[in-house]
Structure formats: structure tokens, C-alpha cells
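Down below is the structure, laid out as C-alpha cells.
Derivation of every value follows stated rules applied to the coordinates shown; laboratory data play no part. Bear in mind that the values here come from a model prediction, so they are computed numbers and not experimental data. Virtual Cβ from ideal backbone geometry, glycine too; neighbours counted across all protein chains shown.
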């Protein structure tokens, strides 16, 4: 509530204060025969108090002055003069200012305290995020580094004791670890590109068939025997988008699916053209995402609560960042029977030259 | 040319060591320079058979080193770079580099690039033969498993240009300029279309190309399949 009213702009505060005082006075005036003028004073006082809860001190003071004057002029006997005869009425008149000031001071104090509490909360959240980041990063980076150091130590210190098979295995581990490090660092670099807002997409014509197979080719070590179906709409036009960004989006989605789905699950990539939009769907027959976490998975460093596999929680936030850099949208849904569906939609210029061009 | 000499210009001692081991154990001789000034002097003095040039040198911008080398040096230059941005790569290729490798790179990849750069430089040929695909540039014919393949003039020119530069990446702009002319440099959709058509005609699986390989965002590379 605090935040909301803070955002209510100054002009609005003045308008609302003045209008509510006028409204209350108007209503009271029309029924002033039924109620005494002191009741009117109380009603106006309540109005000022309410205003002072929500608004800054100046609009409150103006409301107080206005109410006092209106009450004085229209309601106190000897109407339509500013004359006040009884001492009680003078006291009442002054009361407006006292109430307005006291309320305003209290409200300001409360607001300050709320602000401090809010800042504290925010600090805690940042700290929490920072800790999550540190945990996942230190795990994701330190694991491959430990592997490399440990394996090279073994190779150096006990080369004569190791069998050829073991040497070979150690070398494979070093290689795997290095590629893992490389991927994590690339992710961090890409994320910082998203964060800094410096992505300037370089649009050029390309064939989506090429992107899909470029991605699959780059992931062939991870794919091995996991089946990936590709369904590309026939007679798909050429799109004019940033090849590199589209490549990275699809790469991250497929890579993510490969990391998290169970062995039996199948990944399907669908590419379509709807009106003037490129439509990419990556779906799998795995277990899908917990419904309450669907909205969170695109947030950076977010990792599913029960997630066990490695990952920094950056892949999907990079997807979101890159899609949005091209004015597109990304959605995640669960299918009726379980699996997850990522749907990417990016507006693009189209060219059907590939369907008509023949010399 | 039994032991070609390679000049390595890179300021990182680790990378120089790695390159030295990789190259020596594959019968290349190496000389090393740790900054641009030294590199330019060594190139002039030794006239090596190939130069591996790191783009991020401490004393001078890599592109300007490349330009200075290209004023007189005509043999292959392969760029090493930590930046994987296509723009940098395209810029280096446009400034006269024959090929590029993004760090971290695989040793096998490095050797393949070096070999094909040297081969392309020393053995001009009018017949390219790669696992069942034969391109005869004197007769302008292409055969796949001994069957003649019908190509349009543009398709043939594109394939021949790629194949003549076998193993090397050719940028989109370069291909457009060479095949369609300088006015077509921005018409990348033509290139996409003709590459797709060519793949349909020569590749066993057009979606898993073996001959014409996509270099993401940069260009295309014709790959010779040698174990055929």
C-alpha cells in the first residue's frame, strides 16, 4: 500500500484532497438542516484525517485549510461570513490544523519505518540471491576445476603406476571438465550481455533448417542415443533475424531438456511460421515442471527446488533475454500428460524467395 | 615442404607452449613471437609458411597487424581469438585472414585448418574428390557416386568456389560478391537458397551436410572427406 501511494503523483494527491473535501462539504451542506454544524465539523475532520493517512503533508494542509474555511463560511451560524463568535467554534476551527499536522507527522514516521523495513527486506533478498549464485557458481565452477587439478596431479605424480586405461579415463575427465567450464563461462558472459542491455540483434536472412541442424550438430555429444524429433513445416520461408541469438535460444532449450528429462523421454523440436512470426516449440515427454515454479524458471539463477543435475540457472534466463531482445515472447507450459512445452514466438520479416527461386 | 615453418604470434605463454607441443609433434617447425612488433619482424626475417596470429595482442590491435602483414605476406594467416562474435571473425577474414579458430579450440581442429590452408596454398588442382563426390573444374562437371549431377550455372560456380577453398571458411559477403557480384553483398537470401538447393543435390542427408558445412553466422566451409 505504501508503495502504491508513494507512486500516486503529486498532482493527483492535490486533486483528490481538494475534491474529497468539496464532496463531503457539498453533501453536508445539502443535509445541513438534518445535522448540526458541529457534526459537519466532525465529518470534515474525519475526511482530513483519512487524507493525511495516505498523502503528503502539503495536500493534507491544503485540505485542512479548505475544510476549515468552508466550514467557517458555509456552516457556522451567521452563514456566509468568516465571523466566529463562540469560543468552542474557534477551538474547532483550530482543531483542523492540529489534527492535520499530528496525523501528517505520524504518517510520515510510519512511512519512514516502512521504507526502512522494505530496504532491509530487499537487502535480505539480494543477499539470498547472491548466496544462491555463489553456491551454484562455486559448485559449477569448482567441480570441473577440482577434476582438472586432481587428474593432472595423478598423471604427473604417479604416471608409472597408472594403467593405460586409467590414464585415458583421466584425460577424458579433464577434457569433459574443461568443456563444462567453457560452457559456464559462456553462459555468464551471455547473461552479462542480457543484463547490461547491450544486445543489438544483427538481422540477416537465414534458413531455420540450418539453425536446427547446426544446434543438433553442436549438441551431438550430449544427444548420443536420446531421440530428438524434428518437425519443420514444409515450405518454411526465410526469416530475417539474428542467427546467433536464435541459435543460442534453441541450443539452450534443447540442452536444458537433455539435462533434465528422464532417459525414456523424447524431445521434439517444431518450427513453424504463423503470420509474420517465427514459431519454435521445444517439447519433451518428461515429467514437466512443478506448476508453482513455472513462472520462476526464467529468472536468473533460479533452479528447481528438487533439481539435482548441475547448472547455474542461467540457460533459460538467457533464452528469455535473447527472445526479448528480438521483441519476441517465450512461454512454458506443461502438457496434459506430463512433459514440458517451451513456445517461442518472434516477429520477423519473411522471404519466400527460397520457394520460387529457380534459375 | 616436409616440415613447414609456422610463426606463432601470441602473448599468452600457456597458449604458445600448447601450440608448440601440438605443432612439433605433428612435424611442423615453429618460431614464436610474444607481441606484434616482434611478430612483424620475425615474419619479415623468416618468411614462414604460415602464421598463427592472436587477435588480442598487448601492443597493437590484431586487425592492424593483419593489415601490415598482408601488405607483403601472401601465405596463409590463421587467426586465433577469444572472441566468438561473428563480427570480429568476419572483420578478420575481410582483412586478409585465411581462417580462424576461437579459443578454446580442439587440437585436431587446429591441425585440420593448418593442413588445409597449406594444401590450398601449394596444390592447385582441377579435380576435387571427396567420398564419392567428384568436381572437375576443367570440364565443369560434378559427379556423385559416378552419376552426373545436374547443376545450374550458379549452383556450379558456388560449389566450385567452395571446393577450391576446401577446408577454409568463406564468408557470406565473400561468396555473394564472387558469385553474384558486388551489388549483391547484402542479398544473403540468395545465398541461403542456393546453399539449400546444392545440399539437396549433393548431400546424402541435406539436413546433415557433410560437404558444405555451416559456420554459424560467418559463412560456409567445404569439407573434404579424406577417409573415402
For the range A:81-145, what does the convex hull of the Cα positions come to per residue, in cubic angstrom?
68
Output ordering of B:12-19, A:48-55 (per-residue mean of other Cβ within 10 Å, highest first) is A:48-55, B:12-19
Cα-based Rg then Dmax for chain B, in Å, read 18.3, 55
Going by alpha carbons, how many degrees (0 to 90, nearest 10) lie between the helix axis of B:36-46 and the longest principal axis of chain B?
80
Cα axis of helix A:57-70 to longest principal axis of chain A: angle in degrees, 0 to 90, nearest 10?
30
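Rounded to the nearest 5, what % of the DSSP beta bridges within the protein assembly as shown are antiparallel ones?
Among the beta bridges of the protein assembly as shown, antiparallel pairing accounts for roughly 65 percent.
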Shielding of B:210-217 by other chains, given as the mean Cβ count within 10 Å, works out to 4
From the Cα centre of the range A:120-179 to that of the range B:1-41, the distance in Å is 30
Could you state the number of Å between the C-alpha centres of the range B:157-219 and the range A:58-95?
87
In Å and on Cα atoms, what radius of gyration and Dmax does the range B:30-126 show?
13.0, 43
Computed [θ] at 222 nm, deg cm²/dmol, the protein assembly as shown (DSSP H ≥ 4; -39,500 (n - 2.57); rounded to nearest 500):
-17000 deg cm²/dmol
Stokes-Einstein D for the protein assembly as shown, Kirkwood Rh over Cα pairs, 37 °C, 0.692 mPa s (µm²/s):
110
Modelled label-to-label distance, residue B:146 and residue B:106, 7 Å Cα→beta-carbon offset: nm?
3.3
Which angle from 0 to 90°, rounded to the nearest 10, does the C-alpha axis of helix A:315-325 make with the longest principal axis of chain A?
70
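Which of A:28, A:172, A:273 comes first, and how do the rest follow, when ranked by fewest Cβ neighbours within 10 Å? Intermediate values should be presented prior to the final figure.
Working: A:28 22, A:172 11, A:273 17.
In increasing order of surrounding Cβ atoms, one gets A:172, A:273, A:28.
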Shielding by other protein chains, A:216-229, mean Cβ within 10 Å
1
At a 10 Å Cβ-Cβ cut-off, how would you order B:130, B:146, A:138, B:107, fewest neighbours first?
B:146, A:138, B:107, B:130
